[in-house]
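Student: Quick one: the structure is below, and I'll ask about it shortly.
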Amino acid sequence: IREKLYRFRIKARLRNKDFTIICNNCWAGSVYEDLSLPYQTPTVGLFFYAPCYLKFLKKLTYYLKAPLKFKEESVYQLANERRRKKTYPIGYIDDIEIHFLHYSSNEEALEKWMRRRERINFQNLYVAFSDVDLCSPKEMKEFSELDFPHKVFFSAKNYAGLDSLIWLKSYEGKEHIGDIVNNRWSYRKHFDVVKWLNK
């Protein structure tokens with residue numbers, strides 16, 4: 001009941017319905033699902049390690065136009081260790097990797113990436129990042145300095161000097177936030193996503 005009521009209320013409040021959220025993980029997809037809107041971003045069902053995500057954001061148009069290819073092994077040792085438990089496609093564009101965690105094949109990942117890439121609304125762009133997957137203070141600072149008018153950074157700690165930080169107190173005492181896609185109330189309690197999207 002709480003879930004249905006939450007979704008009913010946010011859909012009723014939403015005025016801005018043609019937007020793109022670029023995200024370092026699956027969180028953007030969960031927002032579109034909650035609002036019953038089609039995915040208008042290619043960053044669904046996948047994640048980036050933080051250094052690659054910052055490169056991606058800094059040259060967003062370039063990477064979105066460049067061809068997506070695939071490889072068998074990651075440059076990140078952590079990724080290779082994780083993939084021993086669950087195999088998934090690793091895409092790459094030039095010098096960045098994209099980890100298609102929720103896709104079963106390279107073909108599926110490529111098809112979804114290409115199709116959703118065409119839906120991006122560059123005139124109404126939102127950007128999200130979080131303190132996971134090798135995110136260090138260096139990446140946090142770089143993200144804070146990026147020139148995106150609508151951006152948000154989810155963190156388990158209340159770092160000073162980050163203009164876009166949302167402190168998720170649900171994870172207080174942890175090194176980084178947890179799974180905010182499957183545990184959505186952990187961010188909903190601290191962040192009004194519709195207020196953000198309505199500008």
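The values are calculated or read from the model by the stated rules, or taken from the named source; none is laboratory data. What you see is a predicted model; the values in this text were computed from it and never measured. Heads up, the Cβs are rebuilt from the backbone with ideal geometry, glycines too, and the neighbour counts pull from every protein chain shown.
Student: Listed residues Leu60, Leu54, Leu37, Leu68; which is more than 20 Å from Arg119 (Cα to Cα) and in contact (Cβ under 8 Å) with a residue 12 or more places away in the chain?
Tutor: The match here is Leu54.
Student: Another question, then. Just to be sure I understand, how many residues within the stretch 1-46 are closer than 19 Å to Phe122 by Cβ and among the hydrophobic types (A, V, I, L, M, F, W, C)?
Tutor: The number of residues fulfilling the criteria is 8.
Student: Got at least one residue in the stretch 92-112 being among the aromatic types (Phe, Trp, Tyr), crowded, with 19+ Cβ neighbours inside 10 Å and closer than 23 Å to Tyr171 by Cα?
Tutor: No, the stretch 92-112 has no match at all.
Student: Determine which member of the set Asp133, Asp163, Asp179 is surrounded by fewer than 17 Cβ atoms within 10 Å (Cβ to Cβ), at pLDDT 95 or above and assigned to a loop (DSSP other than H, G, I, E, B).
Tutor: Residue meeting the stated conditions: Asp179.
Student: If we keep just the residues of the stretch 136-156 that are surrounded by fewer than 18 Cβ atoms within 10 Å (Cβ to Cβ) and without any contact (Cβ under 8 Å) to a residue 60 or more places away in the chain, which is nearest to Tyr62 (Cα to Cα)?
Tutor: Out of the qualifying residues, it is Asp147.
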